[in-house]
Amino acid sequence: MLAFAVIGGFGLLLLIMSMTLGEIFDLFDGIISTTAVGAAATLFGAAGAIVLLNDGPLLLAYLAGSLLGAIGIIGVALLARKMASITDAQPHEVIGLLGVATTDINNVVGKVQLNHPNEINQRLAFSSSPIEQGTPIAVVAVVGDRIRVASTSELNGV
């Protein structure tokens, strides 16, 4: 049982290191990574120790530990791949998008809702001329985390 406890403890240490320091190694597109190996070793050690604590045979402890370790490494690899695909989404260009002012906008602050499928949240905006709530707007520039907008009537010269 000591072997299972040592392997499980080592796996837990790897998990803590990967969460605090980041990935130390990452091979085969995330399948072999610090997090995946740590999870597999922790599950292997825990399953083996649980079987032996319940007076199970040593062979069952190795089989249960190996099975849960394999499930752990595959599960972490699949989750890592899923998270990578989510974070690899390409940002879209907002300059030129149309929308509506959801608050009054001045040269300091305001909020707008843009007409784009990926724009589900309101954005912080400002404008060189005052814009009233409900006015149609267009994005003319991106400045840091805010956007500069102008009313569509101002852009059309009305």
Of all residues in the range 83-96 being of a type outside the set (G, A, S) and at pLDDT 80 or above, which is surrounded by the most Cβ atoms within 10 Å (Cβ to Cβ)? V94
Conditions first: (1) in contact with a strand residue (DSSP E or B) (Cβ under 6 Å, 6 or more places away or on another chain); (2) under 12 Å from I105 (Cβ atoms); (3) open to solvent by 30 Å² or more (accessible area, probe 1.4 Å). T152 passes all but one, so which condition is the exception? (2)
Search the range 32-82 for residues being at pLDDT 90 or above and outside any helix (DSSP H, G or I), and hand back the single one that is surrounded by the fewest Cβ atoms within 10 Å (Cβ to Cβ). D55
How about the range 131-158: which of its residues are among the polar types (S, T, N, Q), in a strand (DSSP E or B) and at pLDDT below 90? none
Tally time: how many residues in the range 105-121 are open to solvent by 100 Å² or more (accessible area, probe 1.4 Å) and either at pLDDT 90 or above or closer than 15 Å to I137 by Cα (or both)? 2
Of the residues that make up the range 51-62, is at least one in contact with a strand residue (DSSP E or B) (Cβ under 6 Å, 6 or more places away or on another chain) and not β-branched (V, I, T)? no
Just the residues that are β-branched (V, I, T) and touching a Phe, Trp or Tyr at 6+ places or on another chain (Cβ under 7 Å), please, taken from the range 105-130. I105, V108, V109
Taking the range 47-69 as the region of interest, how many residues are among the small types (G, A, S) and either touching a His at 6+ places or on another chain (Cβ under 6 Å) or over 14 Å from G8 (Cα atoms) (or both)? 1
Go through the residues of the range 85-99 one by one and say whether even a single one is assigned to a strand (DSSP E or B), without any contact (Cβ under 8 Å) to a residue 60 or more places away in the chain and more than 30 Å from I7 (Cβ to Cβ). yes
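The values are calculated or read from the model by the stated rules, or taken from the named source; none is laboratory data. Every value quoted in this text rests on a predicted model; they were computed, and no experiment measured them. Here the Cβ is made from the backbone with ideal geometry for all residues, glycine too, and neighbour counts use every protein chain on show. Ligands, DNA and RNA are excluded from the accessible area calculation, which covers all protein heavy atoms including side chains. Shrake-Rupley method; radii C 1.70, N 1.55, O 1.52, S 1.80 Å.
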